[in-house]
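The values are calculated or read from the model by the stated rules, or taken from the named source; none is laboratory data. Bear in mind that the values here come from a model prediction, so they are computed numbers and not experimental data. In this analysis, Cβ positions are derived from the backbone assuming ideal geometry, glycine residues included, and neighbour counts consider all displayed protein chains.
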Amino acid sequence: MKNELISIGPITVYGYGLMIAIGVLSAYLLTEYRAKKLNLEHEKVFSLVIWCATGGLLGAKLLYYITQIPEIIKDPSILWKVTDGFVVYGGIIGGIF
């Protein structure tokens, strides 16, 4: 997979992030479809997706910080780089919680 798919000015679309976005969107659409089919409250699916995505992002970032403690002690400016450093296992755990 290519690392950088599209770069327009300061905006760059990365292949890994795009695949995660496609996965979240397809999971949302499938869950919405199944909720309607089973006569469940499909309106709550969107809020569930938002909470799971938020938990996933926070979990991924938190696990990255945990794994980088020695580097953070040497250079605390790593904490301000919010776009760098996510760990997929933390995202999965955070999304489940």
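Odds and ends about this structure:
- From the list ILE93, ILE22, the lone residue that is under 12 Å from the mean Cα position of the chain (by Cα) and surrounded by 11 or more Cβ atoms within 10 Å (Cβ to Cβ) is ILE93.
- The residue pairs whose first member lies in region 17-42 and is free of Cβ contacts under 8 Å to residues at least 12 places away in the same chain, whose second member is among the basic types (Lys, Arg) and part of a helix (DSSP H, G or I), and whose beta carbons are closer than 9 Å, counting only pairs six or more residues apart or on different chains, are ALA35/LYS44; LEU40/ARG34; HIS42/ARG34; HIS42/LYS36.
- Among (1) of a type in the set (A, V, I, L, M, F, W, C); (2) assigned to a helix (DSSP H, G or I); (3) surrounded by 15 or more Cβ atoms within 10 Å (Cβ to Cβ) - the single one PHE86 does not satisfy: (2)
- Of the candidates VAL45, VAL24, the single residue that is assigned to a helix (DSSP H, G or I), touching an Asp or Glu at 6+ places or on another chain (Cβ under 8 Å) and closer than 23 Å to GLY95 by Cβ is VAL45.
- Selection status of TYR16, at pLDDT below 90, under 18 Å from the mean Cα position of the chain (by Cα) and assigned to a helix (DSSP H, G or I): yes
- Count - residues of region 6-18 that are surrounded by 11 or more Cβ atoms within 10 Å (Cβ to Cβ) and under 21 Å from ALA53 (Cβ atoms): 7
- Residue tally, condition closer than 23 Å to GLY23 by Cβ and assigned to a loop (DSSP other than H, G, I, E, B), over region 48-83: 2
- Test for LYS37: is it loosely packed, with under 12 Cβ neighbours inside 10 Å, of a type in the set (D, E, K, R) and modelled with pLDDT under 90: no
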